[in-house]
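The values are calculated or read from the model by the stated rules, or taken from the named source; none is laboratory data. Because the structure is predicted, anything quoted here is derived from the model rather than measured. Cβ placement follows ideal geometry from the backbone for every residue including glycine, while neighbour counts extend to all protein chains displayed. In case anyone asks, the SASA skips ligands and DNA or RNA and just uses the protein heavy atoms, side chains included. Shrake-Rupley method; radii C 1.70, N 1.55, O 1.52, S 1.80 Å.
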Amino acid sequence: MKLIILSGRSGSGKSTALHQLEDEGFYAIDNLPVSLLPTLVKELSKSPLKVHQQVAVCIDARNSKDELSQFQSLCQQVRHYADLRIIFLDAADDKLIKRFSETRRRHPLTTDAQPLADVIKLESALLEPIVIESSLTIDSSDMSVHDLRSTIRDRILGVDNSRLAVQLKSFGFKRALPIDADQVFDLRMLPNPHWNEDLRRLTGRDDAVRDFLDQQDEVNAMYDDILHYLQRWLPRIEAGNRSYFTVAIGCTGGQHRSVYMVERLALSLRDRYPNLQVRHRELGSS
């Protein structure tokens, strides 16, 4: 059977992700006590019903600290019966606080003695055992409900699980590192089209910006270095049974250099990695 465990901090979109998996035919279970996971999977693996061959389970911080600390050993038991993927959803602290304020929902760990910001940090510590075991982290900070549903469909369901699913993501350092980055490359030392008035309003997807950057020796050297690095190490990452890997490439604003580099690398890597996906965080597009 195929099992997806969804987890993440409250407000990050776990319910939306679980509903999407349910819509795709998964047998969905919300807020499962983590200690029951091996028993559940063992019993469902014996079921003759087709619906029990694809299962999605949501586990969150409402479990006790002691139960969550056993997560690794419980997953080892589960792998005897299921093809397991662990997906962790998260978002920046300020985004989570804003979501709770807008919806007026109460955080499940909130007490009268602790403000929301402290509870959010406490939740991070409680869920650390799941973060360590996760196959993929999804940063929902800038995603709408529709964006998150599409990401679940494309990133988890729309890939060949026998191959490494690589995501190339451009971003701007002025808005901090992406939460879901496995590898980060910094392009801020390269010539910046922003200082050319004719190019400032364009992006790295536009021909004029591409032509400008194509002519820069430093840009071509950086491209060669990153490409050779990925060509050498991605096969070894894949051989280590990783299912997902996110390469984040950043410049100052995430509009020109990083977008250009992601698009150029994608052209060179897509034949080798058919599951490769492109996302431009600051452009809000893929």
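How about segment 10-62: which of its residues are among the charged types (D, E, K, R), within 21 Å of ALA91 (Cβ to Cβ) and touching a helix residue (DSSP H, G or I) at 6+ places or on another chain (Cβ under 9 Å)? ASP30, ASP60 - these are the residues of segment 10-62 that are among the charged types (D, E, K, R), within 21 Å of ALA91 (Cβ to Cβ) and touching a helix residue (DSSP H, G or I) at 6+ places or on another chain (Cβ under 9 Å).
Among ILE152, ILE138, which is the only one that is outside any helix (DSSP H, G or I), within 13 Å of the chain's Cα centre (by Cα) and modelled with pLDDT of 85 or more? Even if it seems obvious, please write down each step before you answer.
Numbers: ILE152 fails: outside any helix (DSSP H, G or I).
Exactly one of ILE152, ILE138 is outside any helix (DSSP H, G or I), within 13 Å of the chain's Cα centre (by Cα) and modelled with pLDDT of 85 or more, namely ILE138.
Within segment 50-68, being in contact (Cβ under 8 Å) with a residue 24 or more places away in the chain and not in a loop (DSSP other than H, G, I, E, B) holds for VAL51, HIS52, GLN53, GLN54, VAL55, ALA56, VAL57, CYS58, LYS65, GLU67, LEU68. In segment 89-132, how many are assigned to a helix (DSSP H, G or I), open to solvent by 40 Å² or more (accessible area, probe 1.4 Å) and charged (D, E, K, R)? Residues meeting the conditions: 9. So, SER47, is that one polar (S, T, N, Q) and either open to solvent by 80 Å² or more (accessible area, probe 1.4 Å) or not in a helix (DSSP H, G or I) (or both) or not? The answer is yes for SER47. Listed conditions (1) closer than 28 Å to PHE245 by Cα; (2) without any contact (Cβ under 8 Å) to a residue 12 or more places away in the chain; (3) touching a helix residue (DSSP H, G or I) at 6+ places or on another chain (Cβ under 6 Å) are all met by SER73, apart from (3).
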